[in-house]
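Notes to accompany the following structure.
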Amino acid sequence: MGTKKDQTLPSKIEADSTATFSGTCRQFWVISKAFFASERRHKARGFLLALLVLAFAVGGVQVLMSYAGRDFMTAIANKDTAAYWGNLWLYLGTFALAIPIGVYYRWVEERLGLLWREWMAQHLIKRYFNNRAYYRLRGSESIDNPDQRISEDVRNFTTGSLSFLLITLNSVVTLVAFIGVLWTISGTLVSVLFLYAVIGTGVSILIGRRLVGLSFHQYQKEANFRYGLVRVRDNAESIAFYRGEKREHLDLFNRLSAAVANGLDIIVWNRNLGFFTNSYNYTALVLPVLIVAPMFMRGQVAFGVVTQAAGAFAQVLAAVSLIITQFGVLSAYLAGVQRLGALWDSLDEHDAEEERISRESTQQVDEDSRIVKLDKLTVQTPGGAQVLVKELSFILHKNQSLLIMGASGAGKSSVLRTIAGLWYGASGLLERPAMNNLMFLPQRPYMVEGNLRDQLRYPHSDQSVSDEQIRGIVDKVNLADVFARVDNDLDRIVDWTNVLSLGEQQRVAFARLFLRMPKFAFLDEATSALDEENQDHLYQLLKASGIGFISVGHRTTLVGHHDRLLILDRTGSWEMKVHAEPEGQVPSKE
């Protein structure tokens, strides 16, 4: 799923990209807390504890290596053969200790990251489908490309969070471990280090602060480009019939150009930041030597202290210069946190809105009744921007049917969406069977991946239906030729969207209906691609099945298959005809 057009700077997206640091921290806390308080909290906390212990172990080994390396270099400078061999074995011993600790440190980090990603992706997918949030977010201006946020942003968030946690933790451990080493060598060295780090951090933030906003927009533009490619694949036949290659080609070029242009801006600002960070890092190589070398030449310290001071200075400087060394990666990470946090907050708002509407809405679900009742129900577009049908009222009992007709844009399909619960009525009363007793047949049915058995049982793949029943329904809806096309094999997997014509897909939808046998069915131009003979046959089967149904259609031949005719007008008014009138008196399609 994704946005249908590339909006360069939507107001909400701009607001997200310039979110305050405190807001980003809040989003990070909410998302992280949910995982470590989830049903997988024991395993997650166990991995986290192991990671913390290993992080301290890594810091301790680095300090041991510092002292072992110092004594080894001093033995070389003093030409002390006995001390050289003794310190060499000690030095190699610290390597042997560091290797398994480092390996398991990395393994635990990756294992925790994978567990976190799995839980968060599953959690977001569950909430994405809860209360049809995926449907409501389609036109959201604030949440572009939720699919990318659930897949890529979740992965980047989990790996990035652990990476920065460990970098920060290592920095603290390194700072505590090596600051004492530096202080025993020279207090001046410690003062110079902190002053150097503070100035460098301030300058790097000043230069690189624009990278966060640019990284945010890069995520969006890359997702828009990918969505364009997917859209071409999903609509390949329509594009080919229209000969729309040039138009789609140009659209993809524009999407790619937007991503490249934003990427160039990121490269420019990374270049500017790189000039400073490289200068900062190279200067840091000389500073400790400038301070400790004169002490060595005066005989105040051994030669090994010079190398130890340089190594310890580099370790502590990296610890206190975390923002400088990680600014480019950090800016992309913060942009990902903002995007993921925006999706999380939007799902929270959606759930709260669903709960509020369920308490306050005039809609009521009658679990046992086999009637659909509307009492002065006003149908409106989502958000209430436009009223489509005013105070609609009717009652349908068991086995009764209704045909909705009217000019395009009069709200025919919108009435079905409101009854089905996809939209909410502005006011009035709605009673209907429970949602699991309703079934909707759209004009273009959804074809799932899988075999013919899966196709016909969708969406209830666990439905207990024998192969004989399936074959009987296939014959009943005139799909025997499709069955023969897969050699009468219900397990054959093919690309049904491209293999079946639209008319065959509509007959598949009717086969699903007769296998499931709900109390009520809603048909939105469900036979538009069928010839009238097949249309009449399917409606006769539907009428004989005892399923109540409401249809939307333009063909006047549909009138005879329904008990009542509802005619809608673009002004919001409507007229109910209990007995179908002659075809000549029924409004035409347009």
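Odds and ends about this structure:
- In region 250-265, the count of residues that are modelled with pLDDT of 85 or more, of a type in the set (Val, Ile, Thr) and out of contact with any Cys (no Cβ under 9 Å at 6 or more places or on another chain) is one or more.
- Pick from region 457-489, criterion under 17 Å from residue 535 (Cα atoms) and either under 39 Å from the mean Cα position of the chain (by Cα) or β-branched (Val, Ile, Thr) (or both), ranking: surrounded by the fewest Cβ atoms within 10 Å (Cβ to Cβ): 473
- Flag for residue 456 being assigned by TED's automatic domain parsing to the domain that holds residue 513 and touching a Ser or Thr at 6+ places or on another chain (Cβ under 7 Å): no
- Leading residue by the ranking (nearest to the chain's Cα centre (by Cα)) among those in region 556-572 that are assigned to a loop (DSSP other than H, G, I, E, B) and crowded, with 18+ Cβ neighbours inside 10 Å: 572
- Filter result (over 17 Å from residue 552 (Cα atoms) and within 38 Å of the chain's Cα centre (by Cα)) within region 385-420: 385, 386, 387, 390
- Test for residue 541: is it closer than 21 Å to residue 402 by Cα, surrounded by 21 or more Cβ atoms within 10 Å (Cβ to Cβ), assigned by TED's automatic domain parsing to the domain that holds residue 457 and aliphatic (A, V, I, L, M): no
- Selection within region 429-453 - among the charged types (D, E, K, R) and surrounded by fewer than 19 Cβ atoms within 10 Å (Cβ to Cβ): 431, 444, 449, 453
- Of the residues making up region 297-329, those that are modelled with pLDDT of 75 or more and either among the basic types (Lys, Arg) or surrounded by 19 or more Cβ atoms within 10 Å (Cβ to Cβ) (or both) number 1.
- Residue count for region 2-22, restricted to those that are surrounded by 14 or more Cβ atoms within 10 Å (Cβ to Cβ) and either in a loop (DSSP other than H, G, I, E, B) or at pLDDT 60 or above (or both): 6
- From the options 176, 203, 212, residue that is more than 30 Å from residue 56 (Cβ to Cβ), surrounded by fewer than 20 Cβ atoms within 10 Å (Cβ to Cβ) and among the aliphatic types (A, V, I, L, M): 203
- Within region 538-555, the set of residues being closer than 21 Å to residue 519 by Cα, under 43 Å from the mean Cα position of the chain (by Cα) and not β-branched (Val, Ile, Thr) comprises 538, 539, 541, 542, 543, 545, 546, 548, 549, 551, 553.
- Matching residues, region 484-506, being touching a helix residue (DSSP H, G or I) at 6+ places or on another chain (Cβ under 9 Å), farther than 17 Å from residue 537 by Cβ and not charged (D, E, K, R): 486, 488, 490, 493, 494, 496, 497, 498, 499, 500
- Residues located in region 27-54, provided they are exposed (fewer than 15 other Cβ atoms within 10 Å of the Cβ), among the small types (Gly, Ala, Ser) and either more than 27 Å from residue 335 (Cα to Cα) or outside the structural domain of residue 170 (by TED's automatic domain parsing) (or both): 46
- Some residue of region 204-221 being part of a helix (DSSP H, G or I), closer than 22 Å to residue 260 by Cα, among the small types (Gly, Ala, Ser) and out of contact with any Phe, Trp or Tyr (no Cβ under 6 Å at 6 or more places or on another chain): yes
- Residue, nearest to residue 492 (Cα to Cα), within region 470-482, restricted to residues that are touching a Leu at 6+ places or on another chain (Cβ under 7 Å) and modelled with pLDDT under 85: 482
- Inter-residue pairs, beta-carbon under 8 Å, first of a type in the set (Asp, Glu) and in region 542-570, second crowded, with 19+ Cβ neighbours inside 10 Å and not in a strand (DSSP E or B), 6+ apart: 569/410
- Among (1) of a type outside the set (Lys, Arg); (2) in contact with a Leu (Cβ under 9 Å, 6 or more places away or on another chain); (3) over 19 Å from residue 553 (Cβ atoms) - the single one residue 458 does not satisfy: (2)
- Residues in region 77-85 include at least one that is surrounded by 13 or more Cβ atoms within 10 Å (Cβ to Cβ), assigned by TED's automatic domain parsing to the domain that holds residue 154, touching a residue at least 60 places away in the same chain (Cβ under 8 Å) and assigned to a helix (DSSP H, G or I).
- Applying a threshold of 6 Å to beta carbon distances and a minimum spacing of six or more residues, or different chains, the list of pairs starting in region 112-140 at a residue that is outside any helix (DSSP H, G or I) and ending at one that is crowded, with 18+ Cβ neighbours inside 10 Å reads 137/143; 137/146.
- Qualifying residue in region 55-65 (condition: exposed (fewer than 14 other Cβ atoms within 10 Å of the Cβ), aliphatic (A, V, I, L, M) and in a helix (DSSP H, G or I)): no
The values are calculated or read from the model by the stated rules, or taken from the named source; none is laboratory data. Quick caveat, the model's predicted, so the values are computed rather than measured. Backbone-built Cβ (ideal geometry, glycine too); neighbour counts: all protein chains shown.
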